[in-house]
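In what follows, a structure is listed as structure tokens, so that the remarks can point back to it.
The values are calculated or read from the model by the stated rules, or taken from the named source; none is laboratory data. Keep in mind the model is a prediction, meaning the values are calculated, not measured. Note that we place each Cβ from the backbone using ideal geometry, even for glycine, and neighbour counts take in every protein chain shown. Surface accessibility is based on the protein's heavy atoms, side chains included, excluding ligands, DNA and RNA. Shrake-Rupley method; radii C 1.70, N 1.55, O 1.52, S 1.80 Å.
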Amino acid sequence: MSKRELNTKENVRTVTSNQFITACGLEGISLKARKLLYIAISQSKKTDTEFYEYEIGVKEFADLMGIAPTHVYQEADVVTDELMRGFVKIQEKNNKSWRKYQLFDMCQYTENGSIRFEISKQMTDFLLNLTGNFSQPLLHDFLKMRSPYSMAVWHLMQREMKSKQLGITATTGFDLTLKELRQVTGTEDKFKSISHFKQKVLDKAIREIFDCAGVKITYQNIKIGRSVTGFRFFAEGVGHIDLSRIPMAEQERIKSNAEKIKKGIPFEF
């Protein structure tokens, strides 16, 4: 069993196959367990061919999870129990059977007050050697979120946005079905009215995405008849500049000054 030092810096990404994002089973995971799962996933590197064992001190665990020091040992025990029971299941191509995969091979609370963990080898196809159809959102954005709904919705949106950082003038749009949003948040049988779903899940997630990831999300309903079947989303960075509101002459001046900066030529404001 190979060990490696844990890395939770702000530039670390959570790389998964897109199939993993919508796998059944994740929707029932609690906020803290989902965060520790994403921490574990984010440790894999592009060239890895196996999963490694990692260890996290209880103080760092408490800080990352927002747990009071007095409750950290109990919470660590509960979270690791949940992850050891956790699994995802994928529907086979014939749509008549499911294949289930265990999330973790090992979780241990050690004598020196730390948590050791290793992802299950069964997860290899979803997390290692990915060459296409994968997403790589920043781990740090997930760790700041306070709702598992927000984490699930943002991961799904990152699939559609291809995990690209939005420039100050860039915008992007994409559609998501109501069925898919309910699936990843585990709300197929909750918040039945569309207004209740928006209030408790979607709008709350969008506020957290803005606060934690610095991305402004707006949306419009997609309807068939009178029924809402999905949403058309529009995303832009927190410092977005709408070029359509800037006179063309001013745009040209900005471009000219930018070129001068590149060449080291003085320019006038």
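Side notes on the structure shown:
- Conditions (1) exposed (fewer than 15 other Cβ atoms within 10 Å of the Cβ); (2) at pLDDT 95 or above; (3) in a strand (DSSP E or B): number failed by D203: (3)
- So I217, is it touching a residue at least 24 places away in the same chain (Cβ under 8 Å) and hydrophobic (A, V, I, L, M, F, W, C): yes
- Filter pass, E118 being closer than 23 Å to I67 by Cβ and not in a helix (DSSP H, G or I): yes
- If you go through the range 137-153 and keep only what is open to solvent by less than 10 Å² (accessible area, probe 1.4 Å), over 19 Å from L83 (Cβ atoms) and of a type in the set (A, V, I, L, M), you end up with just V153.
- Enumeration of residues in the range 125-136 that are over 15 Å from Q43 (Cβ atoms) and crowded, with 20+ Cβ neighbours inside 10 Å: S135
- The range 155-179 - residue that is assigned to a helix (DSSP H, G or I) and either touching a Cys at 6+ places or on another chain (Cβ under 8 Å) or more than 23 Å from L139 (Cβ to Cβ) (or both) and, of those, least open to solvent (accessible area, probe 1.4 Å): L178
- Where L6 falls short, out of the listed (1) modelled with pLDDT under 90; (2) out of contact with any helix residue (DSSP H, G or I) (no Cβ under 6 Å at 6 or more places or on another chain): (1)
- Verdict on T131 being of a type in the set (S, T, Y) and outside any helix (DSSP H, G or I): yes
- Candidates R99, R159: the one that is within 20 Å of F233 (Cα to Cα) and in contact with a strand residue (DSSP E or B) (Cβ under 6 Å, 6 or more places away or on another chain) is R159.
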